[in-house]
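Below is one structure, written out as structure tokens; the observations come after it.
The values are calculated or read from the model by the stated rules, or taken from the named source; none is laboratory data. Since we're looking at a predicted model, the values are computed, not measured. Don't worry about glycine lacking a Cβ; one is built from the backbone with ideal geometry, like all the others, and counts go over all protein chains shown.
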Amino acid sequence: MDLLGYFLNALTPFNLMLAVVGVVFGTVVGALPGLSATMAVAVLVPFTFTMDPAGGLIALGAIYTGAIYGGAFAAILVNTPGTPSSIATTFDGFPMARRGDGGLAVTLATLASVVGGLIGGLSLLFLAPPLASVALAFGPPEYFWLALFGLTLISALSVGNTLKGLIGACIGLLLSMVGVAVVGGDVRFTGGFQAFLGGIDIVSALIGLYCIPVIIDLVATRDPHLRIEHGHEGMRLREAGRIAWRDKFNVVRSSVIGTVIGILPGAGGSIAGLVSYSEARRSSPRSSEFGKGEPGGIIATEAANNATVGGGFIPTLVLGIPGTPPDAIILGALLVQGIKIGPTLFSSEGDVVYTFIFGLLIATAIMLPVGLLIGRYAYKSVVAIPKSMLVPTVALLTVIGSFAIHSNLQDAQIMVGLGVISWVLGRYGFDASPIVLGIVLGAIAEQGFVQTYLIGNATNNLGGMFFGRPISIGIIIAALVTLAYPFYAEWRARQRGKRPLGAVAAQADGHPVNIKAGSDKTATRASSHDWPGIIVAAILVVIAMVMFREARGMSAMGSVFPTAIALALAGLCGLLILLGLLGRGRPAKSPDAPGASWGRRGLAVVTLGLWVAIIPILGFATTSLVAFIAMAFVAEHDSVSTKTLLVRGIIAVVTVGAFWWIMNDVLLLRIPSGALI
């Protein structure tokens, strides 16, 4: 049967129904922080065993691609990546939503996701065998340099404040090393707590670092979470189409990057989104706007992370090497169905494979109407919900999302702790994004670094292993260009008599920076001592030295990477302290909105802490209901009637009860029980 026949097989009513239901389910799951694409696929795998192989694969593929896309909703509307692939979407998506362009941001994410997914799917259809060889060309050195390439995005996220950005990345790298070493098996930096033996879960860390600071600041004022500017209501499809067409090269480039990175086992959508974002910012004539609500940032990230879906299936189907965790689950489903994976798959099981690929393409196209419909109501709902209901709902999602990953309450406790630390650091210029980059890329960087180091020592060719391989050289050059570009842009702006990017970035809401002194006559500053930054840096130096001392007692494989990072953190913090004492720094503190209440912030922190601490005592449902109501009172700034209180109480019971039922009876999670429910 030719390709047209396979396409018609994918268009049968049953397969179309599977594609639509899968996309809707995946989008909703992906939009909920913590409920990842992996979980969505894993939950429904058993249901596909009674279907024919092609139909089951179409359902799983639709759920997968829908979940990756759905992560953009949470990233844009509540500044929390619904999935790790949407990390970079928060950089510009949430600022757009804050200024009233949330509908436009969601539409741009939808268009970019569909185009990226289609390019990834077409690559799977026509280029699978030759592209699969790309995965085999990547060894430990290439993975190490690819991770460092992702870390160069710090220079783009920390314009004018690169030093604190690098410190944040080192913090994230050290956090990624907590638990059992990826190479060598050493138990590191647990402080004797069993909760840290498994390391810090990436998704829990993302939720805490991004979402908890938002919750703390939300309760401080009566200002609405998001707003709609007059005349800018709706999804603004035409305007989004014009912007996407203007950035068509960005879309294509990001989709290609996502496809290629998706082919690499273990890389996934998070690295693809970060690399694409970095390249989009470097090549854009509006690079100074990235991080403040630039549509090109959303387009790059969403095109790339959805292209990894098709790209990830290439090594999965051709080589039997899953590119991402969902690919591994789908690979298992194929094996259960009795399908033999390997280079002959496309000839021996062509009817199944090609029908699945066309079904994946159809599901990706279905994302356009489904995403716009869901996005329209999601955005309006988030805007319309009173803050006293929005805050406890988001808080409930953070607790559920961090717990549901491993059915482990300690993940939720770590999430809250990291979130409070992130809020404190964020007020003094240590942004969460570099920390997140370090956590996400840490394991890949360490594994590649240690393996390359061992191979280089064994072959007496350490320099050649790190710097002598063609692909590594290409990645190193790209990383250096990306890292140096912001400094070049600063110099060029000064040469032309314009305001440097650091001065522009200093005025961006939520992006405090430390402006360097220069020849710019329009933006001068008085020398000052960054005492908060000095204190934080001094604490981090002590932490780095403690970790350095602990690393000396580990094996060579387990100690080489943490030793290097601890020394780097101590050195960078020492430089920050020196600059601060010399008056070369500038206090970088997030400006408070007028009338912001510190008391409400404190109550929010206490409530969140007690919430995750008391669940084992009282039970999940009871504790969550009480905490939900408490957070509602903390976020309420106006007096309300008895009727309103009654309605909100009913909403609290229904909301907590619904999520408890989903977790207990649908997802079959081990819900903590206590003295009550």
Residue under evaluation residue 289, criteria (1) in contact (Cβ under 8 Å) with a residue 24 or more places away in the chain; (2) out of contact with any helix residue (DSSP H, G or I) (no Cβ under 6 Å at 6 or more places or on another chain); (3) of a type in the set (Asp, Glu), criterion not met: (1)
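Quick grid of which residues meet (1) free of Cβ contacts under 8 Å to residues at least 24 places away in the same chain; (2) over 27 Å from residue 89 (Cα atoms); (3) in contact with a Cys (Cβ under 9 Å, 6 or more places away or on another chain):
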{"position": "316", "(1), (2), (3)": "no, no, no"}
{"position": "339", "(1), (2), (3)": "no, yes, no"}
{"position": "347", "(1), (2), (3)": "yes, yes, no"}
{"position": "363", "(1), (2), (3)": "no, no, no"}
{"position": "366", "(1), (2), (3)": "no, no, no"}
Any hit, segment 248-270, residues being within 23 Å of residue 105 (Cα to Cα) and either of a type in the set (Lys, Arg) or assigned to a loop (DSSP other than H, G, I, E, B) (or both): yes
Matching residues, segment 264-286, being surrounded by fewer than 24 Cβ atoms within 10 Å (Cβ to Cβ), more than 24 Å from residue 139 (Cα to Cα) and either of a type in the set (Val, Ile, Thr) or in contact with a Phe, Trp or Tyr (Cβ under 8 Å, 6 or more places away or on another chain) (or both): 282, 284
Qualifying residues in segment 361-387 (those that are surrounded by 24 or more Cβ atoms within 10 Å (Cβ to Cβ) and touching a Phe, Trp or Tyr at 6+ places or on another chain (Cβ under 8 Å)) - the one farthest from residue 42 (Cα to Cα): 375
Within segment 183-202, considering residues that are assigned to a loop (DSSP other than H, G, I, E, B) and either farther than 21 Å from residue 565 by Cβ or free of Cβ contacts under 8 Å to residues at least 40 places away in the same chain (or both), the one nearest to the chain's Cα centre (by Cα): 199
Residue match in segment 292-305 (condition: without any contact (Cβ under 8 Å) to a residue 40 or more places away in the chain, farther than 30 Å from residue 637 by Cα and assigned to a helix (DSSP H, G or I)): no
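Tell me the residue from 27, 65, 50 that is surrounded by fewer than 24 Cβ atoms within 10 Å (Cβ to Cβ) and not charged (D, E, K, R), please. Step through it out loud before you land on a result.
On the way: 27 fails: surrounded by fewer than 24 Cβ atoms within 10 Å (Cβ to Cβ); 65 fails: surrounded by fewer than 24 Cβ atoms within 10 Å (Cβ to Cβ).
After applying the criteria, what remains is 50.
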Residue match in segment 451-462 (condition: at pLDDT 85 or above and in contact with a Ser or Thr (Cβ under 6 Å, 6 or more places away or on another chain)): no
Breaking point among (1) modelled with pLDDT of 80 or more; (2) of a type outside the set (A, V, I, L, M, F, W, C); (3) in a helix (DSSP H, G or I), for residue 155: (1)
Out of 220, 205, sole residue that is surrounded by 20 or more Cβ atoms within 10 Å (Cβ to Cβ), modelled with pLDDT of 85 or more, at negative phi and not in a helix (DSSP H, G or I): 220
